[in-house]
Amino acid sequence: GLDAALSAIASRCTVPVTVGVDLPSRPAEAIEGIAYFTVSELLQNVSKHSGAGSASVEVWRSGERLLIQVSDDGRGGARMDGGTGMSGLAERLGAVDGLFVLTSPVGGPTTVVAELPWRDRGGDGAGVAKRL
């Protein structure tokens, strides 16, 4: 599931990352995949650009939405128009009726909140862990 997959991503980040996943069940495969990709890209940005000493990933369900928050205590200054990374993530989430909110004042910290529609997983979910 997402908890194990995101913990694995976090272990490869160049700064310590705490991961908290509070989900009553697994979301649909497509939503889970987008969540995984989003966190992976955001933690790569933390490693490459933030100068952070620590970061956190929180994932939870609120109503019919899956929420993801990735924060770091780095230098801030991340922008949506600074390249294709952040804007590309926002477009990917927007394509599935999701939202992407970046807060990153110069001097830090940086927080990204990503919101995806909750879709229940069909079937037993077999085989998903192989892709994550």
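Dividing the Cα radius of gyration by the Kirkwood radius, what Rg/Rh value follows for the chain? Mind showing how you got there, number by number?
Values: Rg = 14.2 Å, Rh = 14.8 Å.
Taking Rh as the inverse mean 1/r over Cα pairs, Rg/Rh reads 0.96.
Per the 1.4 Å probe, what fraction of the accessible area of the range 10-69, in percent, lies on carbon and sulfur atoms? Don't jump to the answer; show the numbers that get you there.
On the way: 1380 of 2770 Å².
Carbon and sulfur atoms account for 50 percent of the accessible area of the range 10-69.
With θ set to phi - 60° and the Karplus curve 6.51 cos²θ - 1.76 cosθ + 1.60, what are the ³J(HN,Hα) couplings of the range 111-118 in order, to the nearest whole Hz, using x for Gly and Pro?
Each residue of the range 111-118 in turn: 9, 10, 10, 10, 10, 10, x, 7 Hz.
Averaged per residue, what accessible area in Å² does the range 46-112 show with a 1.4 Å probe, protein chains only? Walk me through the intermediate numbers first.
Numbers: 3480 Å² over 67 residues.
Roughly 52 Å² per residue, with all protein chains present.
List, in order, the whole-Hz ³J(HN,Hα) value for each residue of the range 61-69 obtained from phi through the Karplus relation with A = 6.51, B = -1.76, C = 1.60 and θ = phi - 60°; use x for Gly and Pro.
For the range 61-69, the Karplus-derived couplings read 9, 10, x, 9, 10, 9, 10, 10, 10 Hz, x marking Gly and Pro.
Per-residue ellipticity at 222 nm for the chain, helices alone: DSSP H runs ≥ 4 residues times -39500 (n - 2.57), over residue total, nearest 500 deg cm²/dmol? Numbers along the way, then the final one.
Values: 4 runs with 41 residues, N = 132.
Only helices count here, giving -9000 deg cm²/dmol.
Counting only heavy atoms of the protein chains, get the accessible area per residue of the range 1-41 (1.4 Å probe) and round it to a whole Å² value. Write out the running numbers ahead of the final one.
Working: 1820 Å² over 41 residues.
Accessible surface, normalised per residue, equals 44 Å².
What Kirkwood Rh does the range 45-113 have if only Cα atoms enter the pairwise 1/r average? Answer in Å.
On the way: mean 1/r = 0.0796 Å⁻¹.
Evaluated over the range 45-113, this radius sits at 12.6 Å.
Find out how many positive minus negative residues lie around residue 65, taking Lys and Arg as positive, Asp and Glu as negative, among other residues whose Cβ is under 11 Å from that of residue 65.
Values: positive: 61, 119; negative: 64, 97, 115.
Charge balance near residue 65 sits at -1.
Sort 12, 65 from largest to smallest accessible area, using a 1.4 Å probe on the heavy atoms of the protein chains.
From most exposed to least exposed: 12, 65.
Just to be sure I understand: of the beta bridges DSSP finds with both ends in the chain, what percent are antiparallel, rounded to 5?
Working: 22 of 28 bridges.
Roughly 80 percent of the DSSP beta bridges within the chain come out antiparallel.
Quote the relative contact order of the range 1-108 in percent (integer), defining contacts as alpha-carbon pairs under 8 Å separated by 6+ residues.
Values: 146 pairs, mean separation 24.6, N = 108.
For the range 1-108, the relative contact order is 23 percent.
The values are calculated or read from the model by the stated rules, or taken from the named source; none is laboratory data. All values derive from a computational prediction rather than experimental measurement. Virtual Cβ from ideal backbone geometry, glycine too; neighbours counted across all protein chains shown. SASA here: full protein model, heavy atoms, side chains in, ligands and nucleic acids out. Shrake-Rupley method; radii C 1.70, N 1.55, O 1.52, S 1.80 Å.
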